[in-house]
Structure formats: C-alpha cells, structure tokens
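As structure tokens, the structure follows; a few thoughts come after it.
All of the numbers you see were taken from the coordinates with simple rules; none came from a lab. None of the values given here were measured: they were computed from a predicted structure. Because the Cβ atoms are built from the backbone with ideal geometry, glycine has one as well, and the counts that use them run over all protein chains shown.
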Amino acid sequence: MVIKYKKIKNFTGKELQNLFLSVNWDSGNYPGKLKKAIKNSHRVYSAWDLDEDNGQKKLVGLINSLSDGVMTAYFHYLLVMPEYQNMGIGKELVSLMLAEYKDFARLIVIAYDSEVEFYKKCGFELGEDKSPMFVTYLKT
C-alpha cells in the first residue's frame, strides 16, 4: 500500500460519497452538494491509496478548510476510511493543513467528543467558556 497526499479540489461525487459514508457521515448522502462544498473550500488535502499493481487509486482521507485567507482558518472536514485509520493518515492531513496556515492567528476545529484526544495530540486545545452551536439538518 502506498499513500500519496494531494492538494486538489476536484473529486467525483462518488469518491466523496464513498469516503463520507464509510465513516457514517450523513453528508455522504448529498454527493452533489459535497462536490460543490469541497470545490468552494479554501484549501483541501486528500490521501490516496495507490495500488501500483493494477494502477487503481482510492480516496481514503480528506481535510478541508474554510478561511478568510488572512487571520482565521476553520478545519471543517477531517475523515479517513475506517480500514485506513490508525496509520497516521489523519495526523499527516492535519500537519499539512497546520503548515499551510502557520502564520494565521486562529485555527479552529470543532471535534466530536470521541476525537478530542486526537486533536490535542495535533496541537489543538479545548476552548474555555466556548461552545459550538449549530443549525443543521444533518445527523452526523
């Protein structure tokens, strides 16, 4: 297995759907919207499993950012297919994004409670006296 990282925004709806549904994210049910959302992101890094034997490639991870381009970047999506988790792919995707925005004053992620420890290992800290708030029709 060879994992390659790419800084691209062009994905098929099927690639995104397969990745998002692999981690049970409801967004995967909206591949057309996902494709547009990713294309409109400020930055996107993706992880690909390149099968050199048969020339196949598979999208196995992705991180994106929304940003004002100067001061603040919000990392919205970070996901890695379950069979590729615990291999350092998520950590590498976060590292690529942190390097991209190293001079920004504020980098933000809203983490599921089960993922807080992962993000702490990547250098994030819990905000004091802050709570994420949402208006959404998505389940996850």
Computed over the range 57-107, the relative contact order (Cα-Cα under 8 Å, seq sep at least six) in percent reads 39 percent
In nm, the gap between the two label points placed 7 Å beyond Cα toward Cβ at Val23 and Lys39 is 2.3 nm
Between Glu117 and Leu98, the two model label points (7 Å from Cα along the beta-carbon direction) sit apart by a distance in nm of 1.8 nm
Dipole check, the range 23-70, charges on Cβ (K,R +1; D,E -1), about Cα centroid: among Val70, Gly28, Gln56 the Cα furthest to the positive pole belongs to Val70
Most fluctuating of Leu19, Leu59, Leu50 in the GNM of the chain (C-alpha, under 10 Å) is Leu50
Summing -39500 (n - 2.57) over every DSSP H run of at least 4 in the chain, dividing by its residue total and rounding to the nearest 500, the 222 nm mean residue ellipticity is -7500 deg cm²/dmol
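For a distance above 22 Å, tell me the whole-number percent of Cα pairs in the chain that qualify.
Numbers: 3754 of 9730 pairs.
The calculated P(r) of the chain puts 39 percent of pairs beyond 22 Å.
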Filtered hits (lysines, Cα-Cα < 25 Å from Lys7, offset >= 8 within chain) -> Lys33, Lys35, Lys36, Lys39, Lys57, Lys58, Lys91, Lys102, Lys120, Lys121
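Using the Cα centre of the range 36-121 as the reference point, and only Cβ charges (+1 on K/R, -1 on D/E), how large is the resulting charge dipole? Debye, rounded to the nearest 20. Before the final figure, lay out the partial values.
Working: 10 positive and 12 negative charges, 77 e Å.
Dipole of the range 36-121, to the nearest 20 debye: 360 debye.
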If exposed means chymotrypsin sites (Phe, Trp or Tyr not before Pro) lying in a DSSP loop and surrounded by at most 12 other beta carbons within 10 Å, then the longest stretch of the chain lacking such sites spans residues 1-111
